[in-house]
Amino acid sequence: MRVGYPEGVPKIAASTVVEHRAQQRASLLAAAEDLLVADGYAALNFGTLAERTGLARPSMYKYFASKDDLVAAVCEEALPPLLARLTTAMDRANSPRDKLVAYVRTQLEMVAEGGHELAATLARASLPPAVRKRIRAVHDQFAPNIEQLLADLGDPRPTLTAAFVQGVINEATRQIHNEPAAETITAAVGFILSGTSARWSRSNALGT
């Protein structure tokens, strides 16, 4: 005679409790990311997540201390693969200039593919400082050092130029769903290359 699970206790699909918890946590993170992208930060809560996953709401606290802990964990899971793709594309480039092109083009290609929705959603949200700190830690750990790249290209003020570059990327991100993606990406790359080249030439001429 088989002994069944008590009512309300989920069956363990994995071979061990540890594996089950890991699978359940991954399922919760995936569902939370879907909800964030579809409905926004304000709409995400443990109640809606419980409805989506079929897990009892009190059980959520076995995995995440709060909604903000959940959101930070989603970013810690989702961002490293995207940043790794960006780093790989830059590593394949042969020169600092080509690395800059890869930095811009790869980010915008991911936007065109739909890989930017989570970041865009959270950029619009009023996140607590602790959550932004955890997201920043992921970015600092995995993101390429664009300022160092610009310094390698001879930029006298790489921090300022990096802000300009990011501004172009941000605007291209906004335009990419309204204009042909390939044209928007090419225009953004060309604008950044021409703008940075002109800036470096002017700085060299002025001796600054």
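Where a number appears in this text, it was derived from the coordinates with a stated rule and is not lab data. In this text the structure is predicted, and so the values were computed from the model without any measurement. For neighbour counting, all protein chains shown are included, and Cβ atoms are generated from backbone atoms with ideal geometry for every residue, glycine included.
Comparing LEU160, LEU79, LEU28 in a Gaussian network model of the chain where C-alpha atoms under 10 Å apart are linked, the largest mean-square fluctuation is found at LEU160.
Just subtract the alpha-carbon distance of ASP91 and ARG57 from 0.36 nm times their residue separation and send over the number in nm, one decimal.
Using 0.36 nm per residue and subtracting the Cα-Cα distance, I get 7.8 nm.
Label zone (ALA43, point 7 Å along Cα-to-C-beta; backbone nitrogen cut-off 14 Å) within region 113-130: 118, 121-122. Using a Gaussian network model on the chain with a 10 Å cutoff between Cα atoms, which of LEU153, LEU70, LEU44 fluctuates the most? Judging by the Gaussian network model, the answer is LEU153. Identify all aspartates and glutamates with a Cα-Cα distance to LYS62 below 15 Å; exclude those on the same chain that are fewer than 8 residues away in sequence. Here the aspartates and glutamates satisfying the reach criterion relative to LYS62 are GLU19. Spin-label model, SER66 to ASN178: label points 7 Å out along the Cα-to-beta-carbon direction sit 3.7 nm apart.
Could you put THR88, THR161, THR121 in order, starting from the residue whose Cβ has the fewest other Cβ atoms within 10 Å?
Numbers: THR88 11, THR161 22, THR121 19.
Going from least to most buried by this count: THR88, THR121, THR161.
Kirkwood radius, the chain, all distinct C-alpha pairs, inverse of mean reciprocal distance: 19.7 Å.
In the elastic network of the chain, a GNM with C-alpha springs shorter than 10 Å, the most mobile of TYR41, TYR63, TYR103 is TYR63.
Charges were assigned to the Cβ only: +1 to each Lys and Arg, -1 to each Asp and Glu. The resulting dipole of region 75-206 about its Cα centre is roughly 380 debye. Spin-label model, THR159 to GLU19: label points 7 Å out along the Cα-to-beta-carbon direction sit 5.0 nm apart.
Relative to the longest principal axis of the Cα atoms of the chain, the long axis of helix 96-112 lies at roughly 40 degrees. With one equal scatterer per alpha carbon and no solvent term, the Debye-computed log10 I(q)/I(0) for region 47-151 at 0.13, 0.21 1/Å reads -0.59, -1.14.
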